[in-house]
Amino acid sequence: MEIKTAEYRVWSEGTTIFYEGTMRLSGTEAYAPIQEMMDKMLEAKPALIILDLRNLEFLNSSGINLLAKFTINVRKNPGTGLEVRGTTRIPWQGKSLQNLKKLHSAVNLIID
Amino acid sequence: MTAHFGHTELDAGSEAPRLRIVLSEGPLELRWTHCSLTADFIADLFAGLAARAKIDEDGARHTIGYLANELLENAVKFRAPGDVVVEATLDGAEFTLAISNYATPEMAKGLEGLIQDITSKDPSDLLIERMEANAENPESTGSGLGLLTLVNDYGVRLGWTIEPQAAGASVHIRTIANVTLS
């Protein structure tokens, strides 16, 4: 499955979801198709879901809210683990991804 | 009565570069895309100026871009009819942004509640609290998170001037944000 616009692309391969580009959508409703894609993957109860953010150059706070919400949903499903991949090359990832660990300490946060 | 919270002056040396942009109500049809367009323009311009002061240009572009975009999104999303005025200065490593807009009295009341929380609680605890609350409430718009990430993740200092207008139909809000670029 893939969601693609001129500014960003989100797609899944196996149980990994990749995010690319710049996401500055206008709020919860605008992010709903992406949230649906993430929730569907969680509903299938895989052992591990990987969010690969290493090519997501920019994310607004509504998008950070989406990641936080998903992390909390994973926390409520103890059979599924969560790995979040980021990079220090992209400043928001070094600054904001640490918050996900505070929401769910079992998140495996890998920031290259 | 006008209420002030935190530091509300846009003070910079007379030599400091300054920028003023007015997003006018009317034919411009102010909309969501104007937030990112304006934020990117301010970020590019001031990151270039910051680089001359030996500040990391990419880091400055990102911080200014995130800051400007979040404040503009708030100003556009919650506005009542009226212009949105954006002012920015860079004094050494100190970047300051002021955004003025009009909002409904209900929106201004919500903002005052958030300001009370921001000024009385630990921003890190408050951010996590707000994320938990948003996840519990499917109707939640996620609002407030932008300001909290600015304070907690970016070390931004915020101030507000909130001024009810004579007719009582709208409130003028000026948000000032200051960050030390590195």
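The values are calculated or read from the model by the stated rules, or taken from the named source; none is laboratory data. Quick caveat, the model's predicted, so the values are computed rather than measured. Here the Cβ is made from the backbone with ideal geometry for all residues, glycine too, and neighbour counts use every protein chain on show.
Could you list, in sequence order, the residues of segment A:21-58 that are in contact (Cβ under 8 Å) with a residue 40 or more places away in the chain and either crowded, with 22+ Cβ neighbours inside 10 Å or within 25 Å of B:L71 (Cα to Cα) (or both)?
First, pick out the residues of segment A:21-58 that are in contact (Cβ under 8 Å) with a residue 40 or more places away in the chain: A:23, A:53-54, A:56.
Hits for segment A:21-58 are A:M23, A:L53, A:L56.
As a summary of the residue check, B:S120 satisfies the conditions (1) more than 14 Å from chain A (Cβ to nearest Cβ); (2) crowded, with 17+ Cβ neighbours inside 10 Å except for the one numbered (2).
The residues on offer are B:A98, B:A108, and the sole one that is under 16 Å from B:T161 (Cβ atoms) and modelled with pLDDT of 95 or more is B:A98. Applying a threshold of 7 Å to beta carbon distances and a minimum spacing of six or more residues, or different chains, the list of pairs starting in segment A:96-112 at a residue that is within 15 Å of B:M131 (Cα to Cα) and ending at one that is crowded, with 16+ Cβ neighbours inside 10 Å and among the acidic types (D, E) reads A:S96/B:D153.
If the condition is being crowded, with 17+ Cβ neighbours inside 10 Å, under 18 Å from B:P123 (Cα atoms) and within 7 Å of chain B (Cβ to nearest Cβ), then segment A:63-106 contributes A:I64, A:N65, A:A68, A:W92, A:K95, A:S96, A:N99, A:L103.
Out of B:N101, B:N152, B:N134, one residue alone is under 28 Å from A:E36 (Cα atoms) and either of a type in the set (S, T, N, Q) or more than 9 Å from chain A (Cβ to nearest Cβ) (or both). It is B:N134. Tell me, yes or no, whether segment B:53-74 has at least one residue that is touching a residue at least 40 places away in the same chain (Cβ under 8 Å), touching a strand residue (DSSP E or B) at 6+ places or on another chain (Cβ under 9 Å), surrounded by 14 or more Cβ atoms within 10 Å (Cβ to Cβ) and farther than 20 Å from B:D153 by Cα. Taking every residue of segment B:53-74 in turn, none turns out to be touching a residue at least 40 places away in the same chain (Cβ under 8 Å), touching a strand residue (DSSP E or B) at 6+ places or on another chain (Cβ under 9 Å), surrounded by 14 or more Cβ atoms within 10 Å (Cβ to Cβ) and farther than 20 Å from B:D153 by Cα.
B:D125: more than 16 Å from the chain's Cα centre (by Cα) and farther than 28 Å from B:P164 by Cα, yes or no? So that I can check it myself, show each step before the final result.
Values: more than 16 Å from the chain's Cα centre (by Cα): yes; farther than 28 Å from B:P164 by Cα: yes.
Yes.
Pairs linking a residue in segment B:1-23 that is over 16 Å from B:T175 (Cα atoms) and at pLDDT 80 or above to a residue that is of a type outside the set (A, V, I, L, M, F, W, C) and not in a strand (DSSP E or B), with Cβ atoms under 9 Å and 6 or more positions apart or on different chains, are B:A16/B:G92. Only residues that are of a type outside the set (F, W, Y) and within 18 Å of B:M131 (Cα to Cα) were counted in segment A:46-76, giving 17. Being in a strand (DSSP E or B), more than 13 Å from chain B (Cβ to nearest Cβ), of a type in the set (A, V, I, L, M) and over 22 Å from B:Y154 (Cα atoms) holds for only one residue in A:I110, A:I50, A:I34, and it is A:I50.
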